[in-house]
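**Student:** Dropping the structure in here first, questions after.
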């Protein structure tokens, strides 16, 4: 397998309790395409993985490098597994999110908690040594912490 071109676009997926938002993002951060689909939360984890793949395909172009997913629940960012979650998405806890989506799309997938992903955007860059406490209230309530410019991960 060859490494993707450094200027290759990536797909961002925001998995919410009612909708999945997809964006194709260029290397310069420009959003090149957007698409949304409903989240089939009551149909369970496999249906949600299928819907994530549909959303990704809607914005994908030749040469897309990877997919990043921001999802509710406790996400192990190293394995891409949902280790704990509410019952908003039936059977979501224990879902191999990264592996399941990679199988469906053929692209590498990175995952993190949605609030931690949103908080990370508040850090200016790799030289930023900011400390940040980020709170989010939506379908649920969540928080994230950054220290010395790095997002902290608790026990996943």
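Every read-out reported here was derived from the displayed coordinates using simple, explicitly stated rules and does not represent laboratory data. As the structure is a prediction and not an experimental result, all values here were calculated from the model. Glycine also receives a Cβ, built like all others from the backbone with ideal geometry; neighbour counts cover every protein chain displayed.
**Student:** Go through the residues of the stretch 112-121 one by one and say whether even a single one is touching a helix residue (DSSP H, G or I) at 6+ places or on another chain (Cβ under 7 Å), surrounded by fewer than 21 Cβ atoms within 10 Å (Cβ to Cβ) and over 15 Å from residue 15 (Cα atoms).
**Tutor:** Scanning the stretch 112-121 turns up no residue that is touching a helix residue (DSSP H, G or I) at 6+ places or on another chain (Cβ under 7 Å), surrounded by fewer than 21 Cβ atoms within 10 Å (Cβ to Cβ) and over 15 Å from residue 15 (Cα atoms).
**Student:** Within the stretch 6-22, which residues are in contact with a helix residue (DSSP H, G or I) (Cβ under 8 Å, 6 or more places away or on another chain) and part of a loop (DSSP other than H, G, I, E, B)?
**Tutor:** Matches in the stretch 6-22: 16, 17, 18.
**Student:** Please find, within the stretch 130-156, the residue that is surrounded by the fewest Cβ atoms within 10 Å (Cβ to Cβ) out of those that are touching a helix residue (DSSP H, G or I) at 6+ places or on another chain (Cβ under 7 Å) and either over 12 Å from residue 114 (Cα atoms) or in contact (Cβ under 8 Å) with a residue 40 or more places away in the chain (or both). Working first, answer last.
**Tutor:** Step one: filter the stretch 130-156 for residues touching a helix residue (DSSP H, G or I) at 6+ places or on another chain (Cβ under 7 Å), giving 132, 134, 136, 142-144, 146, 151.
Checking which are either over 12 Å from residue 114 (Cα atoms) or in contact (Cβ under 8 Å) with a residue 40 or more places away in the chain (or both) leaves us with 132, 142, 146, 151.
Details: 132: 16, 142: 19, 146: 20, 151: 18.
Checking each candidate, the answer is 132.
**Student:** Moving on. Could you count how many residues in the stretch 127-146 are farther than 29 Å from residue 19 by Cβ and in contact with a strand residue (DSSP E or B) (Cβ under 8 Å, 6 or more places away or on another chain)?
**Tutor:** Number of matching residues: 2.
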